[in-house]
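Enquirer: Pasting in a structure now, in structure tokens, and then I'll have a few things to ask.
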Amino acid sequence: MSPLARRSALVLGLLFGLVFAVGTGLMWYFDSPVYYAVTFAVAITLLQYAIGPLIIDWVFTIRWADPQEVSPEFADWYFATANEIGIPAPRFGIINDGNPNAFTYGRTRGDARLIITSGLADILTPEELRGVVAHELGHVRNRDFIVMTVAQAVPLVLYVLYVWTRDRGRNFSYGVAISIGAYLVYLLSQFVVLSLSRVREFFADESSARITGDPNSLSRALIKICYGLAKQQEELARLEQEETGKKKKTAGMKSYMTSNGAAALGIANVKAASRFARSTSDATGAFSETAMMNAMQWELKNPWAKWFQLNSTHPLTVRRVMAMNEVAKRSGIAPTYALEGQKNPLQYTGNFALELLIYALPVLTALAGVGVFISKFGVKDWYDMLAYALIGFGPGWLVKTLLV
């Protein structure tokens, strides 16, 4: 993908946010009724839902293909499976990208598109590829396009309510209380949406297991995908660090499947993949199954893994593998990666409370700056208070950067 196309993807991704911010700001400035703003937020969400697939079609270089191109056996399975689960066969496309990934998008079951990358077909066995594609077909069958659109509208509406409650109370303290309460509900809703996204991924994983009758195929595929995603990113980063001439040559190679906007579409989260792959390599950087088993058990013990999952659209790889293990056991199949009952030589030895304090230090020092301002001047000027918050934030961020 060319640098121009990547910039276009970023611009288009920000466009809806810009329109929403400007429109909401104008309505707030002119003191429009709150239901105007709520209606506007819902309209923006519906617009995203309506034209989102067209944007993806335009931004990504998708080569629409016959599933026969993968293999005749795959094509027969693809159409038969779609018919079996009661959906029209999604339009099939391939992206020439070395990163192993797959995603589906659309508005309804009838206009769904299912995309795989060339890198995915390269590293997976036929059984594993069917496991991944069955996962994506599960998203279509479960109507996740609609579910997630509705879910994402909720934080937007709550944010509007938060904005409209600021400085509009019967008195200052009442307005502040309402504003803080609305904002906290808005933040909570963001985590609820992420949680829903993870639940939908688990549902799609189970759909894959039911469709293929082989939950282990998806487990093996997830391991390969996570490792492959991260290794590809490491290779691109290495190329970009070479001399200026080569950097220019490889600048356009960076995969758009790993951009923030596209990462949520894929079957695996790239940031999660990077962490997982680093811990599944041996001393030479090669993939090690022993290291992989230790890494998955490490994810179960490390408290930071839970925090990372809380902020992710996808569950941790180890959680997905364990869920597939349970499905395999119920089906009388021995799991490929039997984690339960194994001893892990790695133990979490850090001080979680101290690490959490360091992580939150910029926020704490910013609040300290606000506290200093209020103690000296009281609650008067919001702009000056913000300046003190920024002054407090700086040292906290510097200390965190030096320690992490």
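Enquirer: Of the residues that sit in the stretch 121-162 and are among the small types (G, A, S) and more than 26 Å from S189 (Cα to Cα), which one is most open to solvent (accessible area, probe 1.4 Å)?
Expert: Of the residues in the stretch 121-162, the ones among the small types (G, A, S) are 121, 131, 134, 138, 151, 153.
Right, trim to more than 26 Å from S189 (Cα to Cα) and you get 121, 131, 134.
Details: A121: 45, G131: 0, A134: 0 Å².
This residue is A121.
Enquirer: Take the conditions at pLDDT below 90 and either within 26 Å of F203 (Cα to Cα) or surrounded by fewer than 16 Cβ atoms within 10 Å (Cβ to Cβ) (or both) and apply them to S118. Does it pass?
Expert: In short, no.
Matching residues to (1) part of a helix (DSSP H, G or I); (2) at pLDDT 65 or above; (3) under 20 Å from I44 (Cβ atoms):
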position	(1), (2), (3)
Y162	yes, yes, yes
Y174	yes, no, no
A177	yes, no, no
G181	yes, no, no
L184	yes, yes, no
L188	yes, yes, no
V193	yes, yes, yes
R198	yes, yes, no
E201	yes, yes, no
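Enquirer: Tell me, which helices (runs of 4 or more DSSP H) lie completely within the stretch 317-404 with 2 or more residues that are open to solvent by 40 Å² or more (accessible area, probe 1.4 Å) and modelled with pLDDT under 80?
Expert: It comes to 352-359, 361-377, 382-403.
Enquirer: Examine the stretch 27-37 for a residue that is open to solvent by less than 50 Å² (accessible area, probe 1.4 Å), part of a helix (DSSP H, G or I) and under 16 Å from Q152 (Cβ atoms), and state whether such a residue exists.
Expert: So far as the stretch 27-37 goes, no, none of its residues is open to solvent by less than 50 Å² (accessible area, probe 1.4 Å), part of a helix (DSSP H, G or I) and under 16 Å from Q152 (Cβ atoms).
Enquirer: Further question on the same structure: Tally time: how many residues in the stretch 1-26 are open to solvent by 80 Å² or more (accessible area, probe 1.4 Å) and either modelled with pLDDT under 60 or part of a loop (DSSP other than H, G, I, E, B) (or both)?
Expert: 5
Enquirer: Do we have R91 as under 17 Å from T61 (Cα atoms), in contact (Cβ under 8 Å) with a residue 24 or more places away in the chain and open to solvent by 10 Å² or more (accessible area, probe 1.4 Å) here?
Expert: Yes; evaluated as a whole, the condition is true for this residue.
Enquirer: A further question follows. Report, by residue number, each residue of the stretch 50-69 that is crowded, with 16+ Cβ neighbours inside 10 Å and under 23 Å from M148 (Cα atoms).
Expert: G52, P53, I55, I56, V59, F60
The values are calculated or read from the model by the stated rules, or taken from the named source; none is laboratory data. Predicted model, so just to flag it, every value in this text is computed and none were measured. Please note: Cβ atoms are built from the backbone with ideal geometry, for glycine as well, and neighbour counts cover all protein chains shown. Ligands, DNA and RNA are stripped out before the accessible areas are found, and what is left, the full protein with its side chains, is counted by its heavy atoms. Shrake-Rupley method; radii C 1.70, N 1.55, O 1.52, S 1.80 Å.
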